[in-house]
Amino acid sequence: MKHAQRTCRAAVVTLVVLLSCLACGGAEHLDRGLVAVPRGDGSVFLSWRLLAADVDQTSFSLARREGSSSEVRLTETPQRLTNLIDKGAWGPAVSERRYELRVHAQEGTSVKETAHVAIRKDAPPYVRIPLAGDYDFQKVGIGDLDGDGSLEFVIKQPNFNTDPYQRPGYWKPSTTTYKIEAYRRDGTLLWRHDMGWSIEAGIWYSPWVVYDVDGDGKAEVYCKAGEGDPRDEKGLVQTGPEYLIKLDGQTGRIVARTDWLSRDGYPDYNYYCRNFLAVAYLDGQTPSLVMQRGTYNLIKVQALDKDLRRLWHWDSTQEQTKYAGQGSHGLITADADRDGRDELVLGAAVLDDNGKGLWSLAMGHPDVCYVADVEPSNPGLEIFYGFESRQQTDGMCVVDARTGRKLWTHKEPTFHLHGQGMAADVLAEHPGMEVLAGERDYPKRWLYSASGELIEAGGERPLTPRPLWWDADPQKEVIFGRAIQKWNGPAIQPIEGRVIVVMDCLGDHREEVVTSVAGEVRIYTTTIPTRERRPCLLTDHQYRMGVVAQTMGYYYPAQLATEF
């Protein structure tokens, strides 16, 4: 009975994902993302994407190539599952195996599509993309830069960061310039763009995104830019032109530019050096670029079409309700009011798709801000907040995304809730998502259920767990330190390097962990079999927009529009 309920639930999720793609002008063209990685027992684990456009009858068969012509069938008949273990992968004097995935419109029909992958016997238990030098990186984005359906990886390096806040230990002069680099999965460097000295080496100065905004089937890269070297004697950039530029995805060449939002109206450097960039489907059909300037004071937002022409301009002075100072550490795209068009969650305030204020809590700046299907009993999406600004009450709260109505709140005073926090379903015994936040300078942590039941208080839980789908059940695992584990369980998978993002970029619907190791992009992908059949998470519109936004601002895991 439980399996039947989960199968029915998976079918509903598949339908919702497909409708989400149709509402946003069609799905992104993706290949099968076929991946092969070794398991500890000597077998090889293979997994691949189910796409939102696949019909229920779509099935798969897999063969292992032996030499140049012969093959061994690994599936007697086509299967519906999107993963398989090859237990007999290696024999004597075999150093490499090649696999062919065949996609069938339905069981027993001819092959309509194939995909290939190779693996060496000495391969590590992860995917490695070598970089063009022995450096690390700060951000990574994905996009199909050449239109072949395979995702390329775009990084910003090095991992140096300075904050505009003018206090010792925060701002420091940049020692180098940021470089944006595009790589194929095999490590081929496609191009490098030097952002130059007009962009200080800090997250808030250098927003960028990877996405096919112009609709030609190939992703572009958009980023903030300037001219020359306008640094003053201290190293601050306070003058000079500022632009949004478009880089051709195949060459990195600058092909278009427009003015960035001006510095006018801000009280000082700390306030105007806060910049964001996102992609939103404001009409429900086509992607637009959205620039934001300001977080703690004046906030300006401008929407642009594919030709970088202004669709609308908004700033917080236009609203009667307080919108100034409501910004978070990211700009989130989501259909907050369920009208089929994307809204912009600035933080404790939301802009409608037409560039008008939808609602504001007027509570100040939240460090923690997640838009997701947190509480399944409340229709539509919710937003979970943890506020940096001091609150007598409600410093943690879950609100209805359409109206801003508070569904429940934390009643104790809070001083400075800090860090990424968490919104994820990690405990099966509590319906919906669990949410976590805690104080920066006080040993206080609170884990609540979706309905507002206090589950844990205190303790030494990290404030930046990285939740992800890794094993075969509907609950997420979390990354604590250098291991993936259950919320209250032992380590499942060790990882090396600094975690950059969690996203579904390879294989089936489970998520990958992308880490930075000197000289390489390292991608950990699960080797745990599952009988669940779900579309690739990138085919969920809100999740895809969340992945786009992970290259600017602080890192927050992408969220689905509808939870498993």
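The values are calculated or read from the model by the stated rules, or taken from the named source; none is laboratory data. Note that the structure is predicted; figures quoted are calculated from it, not measured. Using ideal geometry, Cβ is built from the backbone for each residue, glycine included, and neighbour counts are taken over all protein chains shown. Protein only, heavy atoms only, side chains kept; ligands, DNA and RNA dropped before computing areas. Shrake-Rupley method; radii C 1.70, N 1.55, O 1.52, S 1.80 Å.
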Calculated FRET value between residue 318 and residue 70, using beta carbons and R₀ = 60 Å, to 0.05:
0.30
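Which value in Å is the Kirkwood Rh of region 246-356 over different Cα pairs?
Numbers: mean 1/r = 0.0689 Å⁻¹.
Taking the inverse mean of 1/r over all distinct Cα pairs, region 246-356 comes out at 14.5 Å.
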What number in nm² do you get for region 76-133 if you take the convex hull of its Cα atoms and divide its surface by four?
6.2
Determine the alpha carbon to alpha carbon distance for each of 87/218; 179/218; 411/486; 224/406 and list only those over 26 Å.
87/218; 411/486; 224/406
Here the alpha-carbon Rg of region 74-196 over 2.2 N^0.38 Å rounds to 1.56
With θ taken as phi - 60° and the coefficients 6.51, -1.76 and 1.60, list the Karplus ³J(HN,Hα) couplings across region 227-238 in order, rounded to whole Hz; mark glycine and proline as x.
9, x, 10, x, 4, 7, 5, 7, x, 7, 9, 10
Kindly write out, for region 87-102 in residue order, the coupling ³J(HN,Hα) from the Karplus curve 6.51 cos²θ - 1.76 cosθ + 1.60 (θ = phi - 60°), rounded to whole Hz, with x marking Gly and Pro.
7, x, 5, 10, x, x, 6, 9, 10, 8, 10, 10, 10, 10, 9, 10
Under 20 Å from a point 7 Å along the Cα-to-Cβ line of residue 263: which residues of region 191-222 have their amide N that close?
195-208
For region 372-379, what does the Karplus curve 6.51 cos²θ - 1.76 cosθ + 1.60, with θ = phi - 60°, yield as ³J(HN,Hα) per residue in whole Hz, taken in order and with x for Gly and Pro?
6, 7, 5, 10, x, 7, 9, x
Interchain or sequence-distant (5+) residues whose placed amide H lies within less than 5 Å of the amide H of residue 483 are 495
Within region 436-493, list the trypsin sites (Lys or Arg not before Pro) lying in a DSSP loop whose Cβ has at most 14 other Cβ atoms in a 10 Å radius.
440, 482
Could you tell me which trypsin sites (Lys or Arg not before Pro) in region 167-253 are loop residues by DSSP with no more than 11 other beta carbons within 10 angstrom of their beta carbon?
234, 253
How much net charge surrounds residue 235 when only other residues with a Cβ under 9 Å from its Cβ are counted (Lys, Arg +1; Asp, Glu -1)?
0
Please compute the net charge surrounding residue 386, taking Lys and Arg as +1 and Asp and Glu as -1 over other residues with Cβ under 10 Å from its Cβ.
-3
Give me P(r) over region 412-564, computed from all C-alpha to C-alpha distances, binned every 5 Å, as integer percentages.
2, 9, 17, 22, 22, 16, 9, 3, 1, 0
Between residue 434 and residues 5 or more places away or on another chain, which pairs have amide H atoms under 5 Å apart, with H built 1.01 Å from N, and which residues are they?
424, 425, 426, 427
Please compute, for the alpha-carbon atoms of region 147-215, the extent along each of the three principal axes and give them in descending order in Å.
48, 25, 18
Name the GluC sites (Glu not before Pro) in region 107-213 that are in a loop by DSSP and that have at most 10 other C-beta atoms within 10 Å, would you?
none
Report the residues of region 417-431 in range of a label on residue 528: point 7 Å along Cα→C-beta, backbone N strictly under 14 Å from it.
425-428
In nm, what is the difference between 0.36 nm times the number of residues separating residue 390 and residue 406 and their Cα-Cα distance?
4.0 nm
To the nearest 10 degrees, the tilt of helix 2-23 (Cα long axis) against the first principal axis of the alpha carbons of the chain is 60
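Counting pairs of alpha carbon atoms under 8 Å apart in space and at least six apart in sequence, what relative contact order in percent does the chain give?
13
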Run lengths n ≥ 4 of DSSP H only: what is the helix-derived mean residue ellipticity at 222 nm for the chain, with -39500 (n - 2.57) per run over all residues, to the nearest 500?
-2000 deg cm²/dmol
Need one number: nm distance between label points at residue 95 and residue 56, each 7 Å from Cα along Cα→Cβ, rounded to one decimal.
4.9
Full extension between residue 121 and residue 429 adds, at 0.36 nm per residue less the Cα distance, a length in nm of 106.7 nm
Taking the radius of gyration and the Kirkwood hydrodynamic radius from Cα positions alone, what is the Rg/Rh ratio for the chain, to two decimal places?
0.96
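Of all the accessible heavy-atom surface of the chain, with the other protein chains kept in place and a 1.4 Å probe, what percent is carbon and sulfur? Could the numbers behind the result be given before it?
Values: 10580 of 21570 Å².
Here carbon and sulfur together make up 49 percent of the probe-accessible area.
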Expressed in Å to one decimal, the Kirkwood Rh of region 315-393 from all distinct alpha-carbon pairs is 12.9
Expressed as a whole-number percentage, the relative contact order of region 350-478 with C-alpha contacts under 8 angstrom and at least six residues apart is 18
Grab the other residues whose beta carbon is less than 13 angstrom from that of residue 158, score K and R as +1, D and E as -1, and report the net.
+1
